[in-house]
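Single-structure report; data block below.
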Amino acid sequence: MNTAQTLQRRRRWAEFGTAYGFLSLWLIGLFVFTVWPFAHSIYLAFTNYSFDPQYEYVGFANFRRAVTDSLSLKSMDVTARFAIFSVPLRLAVALFVAVLLNKGIKGLGVYRTIYYIPSLVGSGVAVAIMWRRVFGRRGLFNNVIGLFGASGQDWIANPDTARLMLVLLSAWQFGSSMLIFLAALKQVPNEMYESAEIDGAGVVRQFFRITVPLISPVIFFNLTMNIINAFRVFTQAKIITNGGPMNETMFMVLNIYNQAFRFGNMGYASALSWVLLLIIGAVTAVNFVGSKYWVYYETKAR
Amino acid sequence: MIRSHWTFRVALAVILVLLAAPIFGAGRSEKAAATDEQITLRFSWWGGETRHNAYQDMLELFMERNPNIRVEAEFSGWDGYIDRLRTQMAANNQPDVFVAGHDGPWQVLPLGARADIRDFDIDLSAFNDVQLDEITSYDPAGRLTGIPVSESVRAGYLINATLFDELGIELPKSDWTWEDMAEIAQLVYDRSGGTVHGVLDESAGISYGSFGRRSWDLAAHGAAISGPDGLTQTAEQLRDTYRWWGALRDSGAATSAEISVQADDGANSPIVTRDAAMMSTALGSYSRFQANTPDDLKMIAPPDGRYPSDEIGAGISTQISSQSRHPQAAAALVSFLRNDLDAGLIFGTENGIPANRHFREALIEQGLDAGSQVQFDVHNWVVANREVVSFVGPHEAHSEFSSLQRAEEQALAFGRQSIERTVEKIIEHARNLGM
């Protein structure tokens, strides 16, 4: 090895060292607070650990319970239904508002900020409590419909409408998806709309034939992220309904929390977490496979 | 090349300084503790706003008298309090001092997490020996793992006296029966034109600890729904409970399912929202309910009442963590909270009638407020008139079972399943949990 090669190698190691030196604090955090608990949960999933130092290996018993227990199956059903209704609704609202804001209206920055506020505060406890107040029996919503002579109900406490209220809350938090759509819409060349208009295409046709295909990679991105987030819903259900009534809002993460910290079934809760991860992974994989039929990338020929 | 080495060295130095900072910080902290310069304790309790305010006033006084001790308050509502304490204990990270019970749902907390009060210089002369013995009996090693907070009957029935007055209905007497309650509840519903239910439905899977349901179970069937060995009641007894309460619900005497499942023990309780005129709760919660409504609330003992012994004994206590790094300071705090007269007068009857007899005497001497008078009246009446039955602890899966039972009862209350199916499913859940 000649001197030039030695110097080059040293320089490369010095650069690596500098990079990892600066990264090391974050890396320590990653390994201690994410990677280690993540790996340890695999181990716990095969035990009956319940905060007691004495625990045993139980094989796949926790996983068998996860796919046969009535509450676990209920929580999967509830979470899937929530995702099916909340994700399209949220994306539709976000895209609709983004299209409106893309019309070059005055004060765009103000509107953008106003619509983004619910996303900033939306996952918080205060908003969840507010939602409970708005849709409770004596809440704002019932007062408003009362003005028109309609009589309301407790929309949160009723098993037929409780989950719908959480879907609406999720849709209300469309701000971050809306901002991403807005950025994508600004990238669509105006000439395309002008040409289409000259050719006689209406607004709706332009939207579905130009806008949607050109922003389809962003729709796909938003869809994927929103599906993942829908499967992770927790705070709203914990604060607003606490899983009830009749377990109609017992989402998977809330069930995992209850099993771990209320009932002390930490091993079982770990297994449920891995089942949730597998479900999210499978849904995302299906989403990716399906995307080749509807997502248009300018760099690729279809 | 030179710049690269220089950057690497700076990065390394920064990382080392940052990594070393907590180590040196910890060193200073230990030194401070050893010299009594500055100690920080953590203290946790649960309750409502009035109890939080009282405890914080007490802590301010304590810190004023002990300038070297800072107390960090960790307080919350009842929901999730035991779960959090249990998780903290599993991680040996429980607060230095905490308020907790010993029996019933508290049995999930490991005994080893609490220190022996007798290891510290705390005066126990003002406390009832029977209560201290009761707490000692919970620990197989015979340790005294807490100082009792109250000496109080724990369950009572809140009555909205303003509503009763508006409807022209006489207030129930302490020696009432469940049949009396059903009649009065129906009268409330009828006289209010269907706008106010008589009583909160205790069979509808309500979301907080149901003292009324336990009283009903003891009166009707002689036992709670489950015990340490599993399900205690028969299918027919369960059916009987749901038939009795279901009849009240159907006639409007008891709250509808929507009201019942949303009921909590604070601002959303039906007695505060005027959806119901009567509901059960803990005696020590009286002030919280009264603070939430301009209506005049009264409290009497639950109907018929056999009293489970755990609702008449030591109940909860103030405990010291066995993992505390500052056990002597923690003991000083506990002693202040439960022995200092100024602290006792601030706290009043926030958690029931004080266990310390000097506190009780001082409260009576200075004149009881309306809320405290209510508690003393119920307590004295129960002690003189009720049969106390010994309490049996819950099954280890009680918490999980209760959650499942609640969902089934809610389905019944909403008319989604029959009594027969509800009972079948409850028994099935119990069986699946090994009860």
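Could you work out the relative contact order of chain B? I mean the mean sequence separation of Cα pairs under 8 Å and 6+ apart, divided by the number of residues, in percent.
After rounding, I find 24 percent.
Per DSSP H run of n ≥ 4, the term is -39500 (n - 2.57); total these for chain B, divide by its residue number, and report the mean residue ellipticity at 222 nm rounded to 500 deg cm²/dmol.
Computed mean residue ellipticity for chain B: -15000 deg cm²/dmol.
Return P(r) of the range A:51-158 (all Cα-Cα pairs; 10 Å bins starting at 0; whole %; ordered from short to long distances).
11, 20, 29, 22, 11, 6, 1
Can you compute the radius of gyration and Dmax for the range A:98-199, using only the Cα atoms, both in Å?
18.7, 55
Quick test of the membrane-span-like rule: which DSSP H helices of chain B reach at least 30 Å along their long axis (C-alpha atoms) with mean Kyte hydropathy at least -0.5?
Those that clear 30 Å and a mean of -0.5 are B:2-34.
Let me test this: with uniform point scatterers at the alpha carbons of the protein assembly as shown, what is the Debye-based log₁₀ I(q)/I(0) at q = 0.08, 0.11 1/Å?
Those come out to -0.81, -1.32, one per q.
For chain B, set up a GNM with springs between Cα atoms under 10 Å and report which of B:Asn160, B:Asn93, B:Asn339 has the largest fluctuation.
B:Asn93
Whole-Å semi-axes of chain A's equivalent ellipsoid, largest first, each the root of 5 times a Cα gyration tensor eigenvalue?
Result for chain A: semi-axes of 38, 36, 19 Å.
Based on DSSP H assignment, which helices of chain A show an axial Cα extent of at least 24 Å together with a mean Kyte-Doolittle hydropathy greater than or equal to -1.0?
Answer set is A:3-30, A:70-101, A:266-291.
How long is the range B:104-248 along each principal axis, judged by its Cα atoms, biggest number first, in Å?
Cα extents, longest axis first: 61, 38, 25 Å.
Amide H of A:Tyr49: which non-local residues (sequence gap of 5 or more, or other chain) have their own amide H closer than 5 Å, using H built in the peptide plane?
A:Glu56, A:Gly267
Once each part is reduced to its C-alpha centroid, what is the distance from the range B:70-147 to the range A:103-173 in angstrom?
Rounded to whole Å, the Cα centres lie 42 Å apart.
How big is the charge dipole of chain B about its Cα centre, in debye rounded to the nearest 20, if each Lys and Arg gets +1 on its Cβ and each Asp and Glu gets -1 on its Cβ?
Once rounded to the nearest 20, the dipole reads 1700 debye.
Accessible area of the range B:336-429 with a 1.4 Å probe: how many percent of it is carbon plus sulfur?
47
Mind telling me which of A:Leu147, A:Leu168, A:Leu101 comes out most flexible in a GNM of chain A, alpha-carbon contacts under 10 Å?
A:Leu147
Considering the dipole of the range A:79-163 built from charges on the beta carbon (Lys and Arg +1, Asp and Glu -1) around the Cα centre, which of A:Ile156, A:Val87, A:Leu108 is farthest to its positive end?
A:Leu108
Using +1 at the Cβ of each Lys and Arg and -1 at the Cβ of each Asp and Glu in the protein assembly as shown, identify which of B:Leu144, B:Ile271, A:Met225 lies farthest towards the dipole's positive end.
The residue sitting most towards the positive pole is A:Met225.
For the range B:318-435, with only Lys/Arg (+1) and Asp/Glu (-1) charged at the beta-carbon, what is the dipole magnitude about the Cα centre, in debye rounded to 20?
280
State the percentage of accessible surface on the range B:69-204 attributable to carbon and sulfur atoms; use a 1.4 Å probe and exclude ligands, DNA and RNA.
Roughly 48 percent, rounded to a whole number.
Given the DSSP H assignment, sum -39500 (n - 2.57) over each helix run of at least 4 residues in chain A and divide by its residue total; what's the result at 222 nm in deg cm²/dmol, nearest 500?
-20500 deg cm²/dmol
Heavy atoms only, probe 1.4 angstrom, no DNA, RNA or ligands counted: give me B:Asp295, B:Asp240, B:Asp190, B:Asp165 ranked by accessible area, highest first.
Greatest to least solvent exposure: B:Asp165, B:Asp190, B:Asp240, B:Asp295.
Restricting the count to DSSP beta bridges whose residues both fall in the protein assembly as shown, what percent are antiparallel, rounded to a multiple of 5?
55
Apply 1/(1 + (r/R0)^6) to the Cβ-Cβ distance of A:Arg205 and A:Val110, taking R0 = 25 Å, and write down the FRET efficiency to the nearest 0.05.
Using R0 = 25 Å, I get an efficiency of 0.20.
For the range B:130-181, run through the GluC sites (Glu not before Pro) and keep only the ones in DSSP coil with at most 16 other Cβ atoms within 10 Å of their Cβ.
Answer by residue number: B:Glu170.
Enumerate lysine pairs in chain A that are 8 or more residues apart or on different chains, then count those whose Cα atoms are under 23 Å apart.
Number of lysine pairs found: 5.
Using a 10 Å cut-off around each Cβ of peptide B:257-267, what is the average number of partner chain Cβ atoms that fall inside?
That works out to 4 on average.
Label B:Phe75 and A:Trp36 with points 7 Å out from Cα along Cα→Cβ: what is the distance between them in nm?
With each label placed 7 Å out from Cα toward Cβ, I get 3.5 nm.
Using the heavy atoms of the protein chains and a 1.4 angstrom probe, tell me the accessible area per residue for the protein assembly as shown in square angstrom.
47
What are the aspartates and glutamates whose alpha-carbon lies under 19 Å from the alpha-carbon of B:Lys173, with same-chain residues fewer than 8 places away excluded?
Straight-line reach from B:Lys173, under 19 Å: B:Asp165, B:Glu183, B:Asp296, B:Asp304, B:Asp377, B:Glu387.
Given 20 °C and 1.002 mPa s, how large is the Stokes-Einstein diffusion coefficient of chain B in µm²/s, with Rh as the Kirkwood radius over Cα pairs?
91
With a 1.4 Å probe and all protein chains kept in place, how much accessible area does A:Lys292 have, in Å² rounded to the nearest 10?
Surface accessible to solvent at A:Lys292 totals approximately 140 Å².
Name the residue farthest towards the positive end of the dipole of the protein assembly as shown from the options B:Phe120, B:Met299, B:His326, assuming +1 on Cβ of Lys and Arg, -1 on Cβ of Asp and Glu, about the Cα centre.
Working it through, the farthest residue towards the positive pole turns out to be B:His326.
Average partner chain C-beta neighbours within 10 Å, per residue of A:255-263?
Per residue, the number of nearby Cβ atoms from other chains is 4 on average.
By its C-alpha gyration tensor, with a ≥ b ≥ c as the square roots of the eigenvalues, how is the range A:203-299 shaped: rounded for a/c under 1.5, else prolate for a/b larger than b/c, else oblate?
It is prolate, given that a/c is not under 1.5 and a/b is the larger ratio.
Would you mind computing, in nm to one decimal, how far apart the modelled labels at A:Glu194 and A:Phe148 are, each placed 7 Å from Cα along Cα→Cβ?
For the pair A:Glu194/A:Phe148, the computed spacing is 4.4 nm.
Using 1/(1 + (r/R0)^6) with R0 = 41 angstrom and r between the beta carbons of A:Lys292 and A:Glu56, what's the FRET efficiency to the nearest 0.05?
0.30
R0 = 41 Å: FRET efficiency of B:Asn380 with B:Ile419, Cβ-based, nearest 0.05?
Efficiency computed from Cβ-Cβ geometry: 0.55.
The values are calculated or read from the model by the stated rules, or taken from the named source; none is laboratory data. None of the values given here were measured: they were computed from a predicted structure. So basically every Cβ, Gly included, is an ideal-geometry build from the backbone, and we count neighbours across all protein chains shown. Ligands, DNA and RNA are excluded from the accessible area calculation, which covers all protein heavy atoms including side chains. Shrake-Rupley method; radii C 1.70, N 1.55, O 1.52, S 1.80 Å.
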